[in-house]
Amino acid sequence: MPAPTHLLIPYSFRRKGILLGALLGILLTACQPRHEQAAEAATPPVGHYEGSLNAAGQPEVRATLDIRHPSPGHYEAEFTAPGTLSFVADTIVFSNNQLRLIRPARPGQTLALTLEGDFWRGALTLDSTRATTILVKRGVPTPSTYRAEEVPQATGSAWLFTPADTGTPGAALALLPDAETAPTAAIWADALAREGLIVLLLPPTDSATAAAETPRLLAAVRLLRGTAGADTANVGVWATGARAAAVAQLLTTAEAPRVAFLMAHNMAVGPASNAVLRELRRRKLAVLGLYGGTTASQRATALRNALGGRRGGTVLTFRTAGPDLLRPDGGAFGPGLPGAVVEWLQGK
């Protein structure tokens, strides 16, 4: 896979990683970097910056910013803060000492800063929430955690999150959120990539049928198997809501890609899905059930019974979290998360 490429528009550096060729009109195949235009102004100052983040009514927290220049014409920026606020920027815009970073798959989360000597001053904005920050240069940037690459498709962009350290093969998964969980899916991609897992985040779709999901999943699994650092024997899928039921069904068909596991998130279980789940159990496919919200226990019991009790798969419930497994009162991960998910993925 080529190194990340950034497009200056001008002085704007945007990742446009792998372009895949069409598979049934879904993904583009060719791997090609975007054309880089010459920069005429100063580029972002490389370094490691430390400081604080302050939101109204919240305690002050520590924050860091690393700006890296790994190769000519390529810049990377990684913002780190507690909870779910950390991200590796997809877009870096720098002009007249003004820096703007945009989070992959969450365009509503931006970090806007003004350079004043060795200081950055500005604010982190997440939709309607705003937190001010001041960061001072402390030395050279720390090594990168992961990289995020945009994968254009016919129906919107997917995002490939790959750990910077690919020396040890790790699990890889296609993350298929539904409309309810899509707004925060990038938070999960960030958390898993920081733990050495490869994540391909696909956009939500209006349809959730086995026929509609089959070409997308075939292309996704093929991409993941070809990604540096992927354990090709440990590639799977995380699907939510109706997409989880559709993926479970397609995995029992002859057209299905070979996968090692299924993470069924908020999957509704009924008579139609029971036979599908029994077939997945017969095939010894590893299944992890995930449920959030006040009705998590009842829904989890239905999945556990369909899988054949505690021996048929692992089912986890997080009643104090929302459907996206984040706490409704601020967006932090639910209790025990993301650790429980990471532990299952790494210990299968």
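The values are calculated or read from the model by the stated rules, or taken from the named source; none is laboratory data. Just so it is clear, the model here is predicted, and its values are computed rather than measured. Backbone-built Cβ (ideal geometry, glycine too); neighbour counts: all protein chains shown.
Quick look at the values:
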item	result
Matching option when the condition is of a type in the set (V, I, T) and either in contact with a Lys or Arg (Cβ under 8 Å, 6 or more places away or on another chain) or assigned to a helix (DSSP H, G or I) (or both), among T232, T253	T232
Scope the stretch 190-212; condition among the charged types (D, E, K, R) and at pLDDT 95 or above; matching residues	D190, R194, E195
Some residue of the stretch 105-116 being within 11 Å of the chain's Cα centre (by Cα) and either assigned by TED's automatic domain parsing to the domain that holds P215 or touching a residue at least 24 places away in the same chain (Cβ under 8 Å) (or both)	yes
Residue match in the stretch 331-338 (condition: in a strand (DSSP E or B) and under 22 Å from the mean Cα position of the chain (by Cα))	yes
Residue list for the stretch 18-76, filter: closer than 20 Å to I102 by Cβ, of a type in the set (D, E) and modelled with pLDDT under 50	E36
Per-region count, the stretch 277-297, residues free of Cβ contacts under 8 Å to residues at least 40 places away in the same chain and surrounded by fewer than 18 Cβ atoms within 10 Å (Cβ to Cβ)	9
Tally, over the stretch 167-224, of residues that are acidic (D, E), in a loop (DSSP other than H, G, I, E, B) and more than 18 Å from G331 (Cβ to Cβ)	3
Unmet requirement for R68, which otherwise passes all of (1) touching a Lys or Arg at 6+ places or on another chain (Cβ under 8 Å); (2) closer than 27 Å to G226 by Cα; (3) not hydroxyl-bearing (S, T, Y); (4) not in a loop (DSSP other than H, G, I, E, B)	(1)
Looking only at the stretch 73-91, and only at residues there that are among the hydroxyl-bearing types (S, T, Y) and not in a strand (DSSP E or B), the one that is nearest to L160 (Cα to Cα)	S86
Residue check, R121 in contact with a Pro (Cβ under 8 Å, 6 or more places away or on another chain), basic (K, R) and in a strand (DSSP E or B)	no
Selection within the stretch 303-317 - surrounded by fewer than 19 Cβ atoms within 10 Å (Cβ to Cβ) and out of contact with any strand residue (DSSP E or B) (no Cβ under 7 Å at 6 or more places or on another chain)	N305, G308, G309, R310, R311, G312
Among (1) over 30 Å from M263 (Cβ atoms); (2) of a type in the set (S, T, N, Q); (3) at pLDDT 95 or above, the one test that S128 misses	(3)
Output for the stretch 230-260, where each listed residue is within 21 Å of the chain's Cα centre (by Cα), buried (at least 17 other Cβ atoms within 10 Å of the Cβ) and not small (G, A, S)	N234, V235, V237, W238, T240, R243, V247, V259
Test: residue in the stretch 91-100 that is at pLDDT 95 or above and touching a helix residue (DSSP H, G or I) at 6+ places or on another chain (Cβ under 8 Å)	no
Selected residue [crowded, with 24+ Cβ neighbours inside 10 Å, under 13 Å from the mean Cα position of the chain (by Cα) and assigned by TED's automatic domain parsing to the domain that holds T317] from P183, P177	P177
Scope the stretch 227-248; condition farther than 20 Å from E213 by Cα and small (G, A, S); matching residues	A228, G229, A230, A233
